1. Kindly indicate whether Val360 is out of contact with any His (no Cβ under 9 Å at 6 or more places or on another chain) and either surrounded by 15 or more Cβ atoms within 10 Å (Cβ to Cβ) or closer than 22 Å to Val176 by Cα (or both).
2. Tell me, yes or no, whether region 91-105 has at least one residue that is within 19 Å of Leu59 (Cβ to Cβ) and surrounded by fewer than 21 Cβ atoms within 10 Å (Cβ to Cβ).
3. Mind telling me which of the residues Arg84, Arg53 ends up being surrounded by fewer than 18 Cβ atoms within 10 Å (Cβ to Cβ), among the basic types (Lys, Arg) and in contact (Cβ under 8 Å) with a residue 40 or more places away in the chain?
4. From the set of residues in region 90-118 that are more than 18 Å from Thr309 (Cα to Cα) and charged (D, E, K, R), which is farthest from the chain's Cα centre (by Cα)?
5. Name the residues in region 419-433 that are in contact with an Asp or Glu (Cβ under 9 Å, 6 or more places away or on another chain) and either part of a helix (DSSP H, G or I) or buried (at least 22 other Cβ atoms within 10 Å of the Cβ) (or both), would you?
6. Could you please find all residues in region 212-231 being part of a helix (DSSP H, G or I), farther than 18 Å from Thr83 by Cβ and of a type in the set (Gly, Ala, Ser)?
7. If you go through region 448-459, how many residues are touching a residue at least 12 places away in the same chain (Cβ under 8 Å) and either over 18 Å from Tyr418 (Cα atoms) or surrounded by fewer than 18 Cβ atoms within 10 Å (Cβ to Cβ) (or both)?
8. Does Ser431 satisfy being without any contact (Cβ under 8 Å) to a residue 40 or more places away in the chain, over 25 Å from the mean Cα position of the chain (by Cα) and under 28 Å from His264 (Cβ atoms)?
Amino acid sequence: MQLTQFIHRSMRAAPETPMTVFGDRVRSCRESVERITKLAGGLQAMGLQPGDRVAILALNSDWYHEALLACWWSGAVASPVNTRWSPAEITYALEDSGSTFLLVDDNFASTVGVLRESCPSLTTVIYCGDGQAPEGMLDYERVISESVAVADLRVGGDTLALLLYTGGTTGVPKGVMVSHRSLITSALGTLAAGNVAVSGGVNLAVNPLFHIAGIVGWLAQSLMGGTQVFLSRFNPGVFLEAVDRHRPTTVGLVPTMLQMLISHEDTASYDLTSVRVLRYGASPISPTLLGQVMQMFPNSAFAQGYGMTETAHISVLSPADHLEGGELLRSAGRILPHCEVRIVDPAGMELPPGEVGEIVTFGSHIMLGYWNKPIETAEVLRDGWMHTGDAGYLDERGYLFIVDRIKDMIVTGGENVYSTEVENALARHESVAACSVIGLPDSQWGERVHAVVVLRADSNIDAGALRAHVKTLIAGYKVPRSFQFVDALPVNGAGKVLKRDLRALAAASE
């Protein structure tokens, strides 16, 4: 299996169909493929060898689409960089990966001088933009126009394809090595679960392509043919206009984006009926918010995905599961057909249904390991099983429930408290727009349950009322002993709440 296979298929099946849309620019499959093959030729002429790392520091665009595919066409490794990182974090990823090529757009061209000084391996910088290339950078369009198309090297299987750096929620980011086989396996397994992409449809790519969820969503639609419409960043108004204008059949969002859509003042004036599949994930979603979103997109089926950079998708809560509703909406769905999952105790023994343990997974979807980190790789990859660090359980029907990150489990008064359970209880109150729960040091209890809450704009509820609400749903020792109300939760580029930042915020307020 190789990640360029769908290009050959699309060229035979529908060469004149639009492949990419970015702003007012529309490119057919034939035009896109010609550009990809010439970009690959240009990179090779500049010395790119199979296995070399090509960093991409840019927002979503048709250029990004072409750059990823040109890397794989050439047998190179694409290394998308988190666009929310500081220059120091970006420098770390470039140095650690040993990237020799860097593609940047207008948003990050000004950082190139600093990056070059810090990264001696960075020999070639290509500017992807509509303006004139800054001094010292090659012009992307000129590289394509002056290069000769080359043949696909058809590199695939367990060859390294992507180097994705973890979001850095805990310490120094690690480079996750994703092979051609693992990425295609994940996309095909997700498609096999049903109704997550439409054959020949239109995908609105708004999740960033430096994140595994954005890449799997983009690839799943690519494998099914059709068109990719790229939004450089999420803005509620721009997103709604794009849906109304481009009529996408599939979109992927995170709950923070969904909350912003619900809060937007003018949703009724946009036609959202084209959306047939709405994927969401990365963080929990409240039943209230999900219900509002389902009303907003009346023709759409809903699917929630669970996974991590190291594994891509592991499970999916299907559209049929969403229709069943109830407690099932708290689950992460059933295990996808391409992987195996077990729940194990600290000794590695498999636990029966209903018992909480660590989620481990086995299959071709798993990463090759962490880049240049054999010790960290050995800690999580044991006998072929990826240890996720997530605590959860499987019920009698095979549905997976996530209860916490193991490291985030709170031990208060000798009792284990899983933050997700408390968050789910809080989220059931209509005044709560978003929330996150952490453990804080406590002289009496060891740790206390602390809730950080974002209230809806029209709410004036206090901590006492929220505590009383939660107490009706879960045991008393799980009820938050302290509350902190904020305007927004800190999240990383993938939409995951940064609990380390919440702990620092709580410490600063004491």
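The values are calculated or read from the model by the stated rules, or taken from the named source; none is laboratory data. The shown structure was predicted, so the numbers you read here are calculated from the model rather than taken from an experiment. Cβ sites come from the backbone with ideal geometry, for glycine too, and all protein chains shown count toward neighbours.
1. Working: out of contact with any His (no Cβ under 9 Å at 6 or more places or on another chain): no; either surrounded by 15 or more Cβ atoms within 10 Å (Cβ to Cβ) or closer than 22 Å to Val176 by Cα (or both): yes.
Judged against the criteria, Val360 is not a match.
2. In the first step, residues of region 91-105 are kept if they are within 19 Å of Leu59 (Cβ to Cβ); the result is 93-94, 99, 101-105.
This time we only want the ones that are surrounded by fewer than 21 Cβ atoms within 10 Å (Cβ to Cβ), so: none.
No: region 91-105 contains no residue that is within 19 Å of Leu59 (Cβ to Cβ) and surrounded by fewer than 21 Cβ atoms within 10 Å (Cβ to Cβ).
3. Values: Arg53 fails: surrounded by fewer than 18 Cβ atoms within 10 Å (Cβ to Cβ).
Among Arg84, Arg53, only Arg84 is surrounded by fewer than 18 Cβ atoms within 10 Å (Cβ to Cβ), among the basic types (Lys, Arg) and in contact (Cβ under 8 Å) with a residue 40 or more places away in the chain.
4. Looking at residues that are more than 18 Å from Thr309 (Cα to Cα) and charged (D, E, K, R), I get Glu117.
5. First pass over region 419-433, keeping only residues in contact with an Asp or Glu (Cβ under 9 Å, 6 or more places away or on another chain): 419-421, 431.
If the condition is that a residue be in contact with an Asp or Glu (Cβ under 9 Å, 6 or more places away or on another chain) and either part of a helix (DSSP H, G or I) or buried (at least 22 other Cβ atoms within 10 Å of the Cβ) (or both), then Ser419, Thr420, Glu421 are the ones that fit.
6. First pass over region 212-231, keeping only residues part of a helix (DSSP H, G or I): 212-223.
From what is left, the residues that are farther than 18 Å from Thr83 by Cβ are 216, 219-223.
Of everything in region 212-231, those that are part of a helix (DSSP H, G or I), farther than 18 Å from Thr83 by Cβ and of a type in the set (Gly, Ala, Ser) turn out to be Ala220, Ser222.
7. Filtering region 448-459 down to residues touching a residue at least 12 places away in the same chain (Cβ under 8 Å) leaves 448-457, 459.
Then keep just the ones that are either over 18 Å from Tyr418 (Cα atoms) or surrounded by fewer than 18 Cβ atoms within 10 Å (Cβ to Cβ) (or both); that gives 454-457, 459.
Total satisfying the criteria: 5.
8. Numbers: without any contact (Cβ under 8 Å) to a residue 40 or more places away in the chain: yes; over 25 Å from the mean Cα position of the chain (by Cα): yes; under 28 Å from His264 (Cβ atoms): yes.
The answer is yes for Ser431.
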